[in-house]
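Notes follow once the structure below has been shown.
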Amino acid sequence: QVQLVESGGGLVQAGGSLSLPCAASGSIFSINTMGWYRQAPGKQRELVAAVTSGGSTNYADSVKGRFTISRDNAKNTVYLQMNSLKPEDTAVYYCNLRIRPTVVVPGYDYWGQGTQVTVSS
């Protein structure tokens with residue numbers, strides 16, 4: 001059994017910052033890619049940022065230079081540091097981890113419960 005717990009969402013004014021952590025617990029052999037997605041009302045879920053087990057990162061063009069994704073492998077945690085927030089960043093943010101529960105099974109995608117980020121103008 002694997003669980004993902006997100007926190008850190010909230011209401012912030014435009015130009016402000018928030019940090020979102022997502023911690024995985026339970027049966028974990030290894031974690032490959034860790035990522036953050038978001039879904040705004042009436043829109044499809046989109047990739048915000050991802051980091052591989054090797055440390056390579058990629059970002060959506062809309063957040064480049066403002067958001068930073070990082071991971072702490074010892075804590076099975078991925079972070080999203082969001083700076084210079086804009087109203088269009090308002091969405092529910094979900095973490096997604098490709099977790100291999102044991103050595104004998106392949107990796108599966110696990111999702112966090114989602115955390116609301118609201119940026120006021």
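The values are calculated or read from the model by the stated rules, or taken from the named source; none is laboratory data. Note that the structure is a prediction, hence the values are computed from the model and not measured. Neighbour counts are summed over all protein chains in view; Cβ atoms, including those assigned to glycine, are modelled from backbone coordinates with ideal geometry. When the accessible area is computed, the model is the full protein with side chains, heavy atoms only, and any ligands, DNA or RNA have been set aside. Shrake-Rupley method; radii C 1.70, N 1.55, O 1.52, S 1.80 Å.
I'd like the full set of residues that are open to solvent by 50 Å² or more (accessible area, probe 1.4 Å) and in contact with a Leu (Cβ under 9 Å, 6 or more places away or on another chain), limited to the range 1-25.
Of all residues in the range 1-25, those open to solvent by 50 Å² or more (accessible area, probe 1.4 Å) come to 1, 3, 5, 7, 11, 13-15, 17, 19, 25.
Result: Ser7, Gln13, Ala14, Gly15, Ser17, Ser19, Ser25.
Are there strands (runs of 3 or more DSSP E) fully within the range 1-50 with at least 3 residues that are over 13 Å from Tyr93 (Cβ atoms) and not charged (D, E, K, R)? List them.
Numbers: elements: 2-6, 10-13, 18-26, 30-39.
Correct list: 2-6, 18-26, 30-39.
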- request: Could you check Val63 against (1) touching a residue at least 40 places away in the same chain (Cβ under 8 Å); (2) touching a helix residue (DSSP H, G or I) at 6+ places or on another chain (Cβ under 8 Å); (3) of a type in the set (Val, Ile, Thr) and say which number it fails?
  value: (1)
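Here's the yes/no breakdown for (1) closer than 16 Å to Gly114 by Cα; (2) more than 10 Å from the chain's Cα centre (by Cα):
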| position | (1), (2) |
| --- | --- |
| Gly8 | yes, yes |
| Leu11 | yes, yes |
| Phe29 | no, yes |
| Arg45 | yes, yes |
| Asn76 | no, yes |
| Tyr94 | yes, no |
query: Are any of the residues in the range 98-107 open to solvent by 70 Å² or more (accessible area, probe 1.4 Å), of a type in the set (A, V, I, L, M) and more than 12 Å from the chain's Cα centre (by Cα)?
result: yes
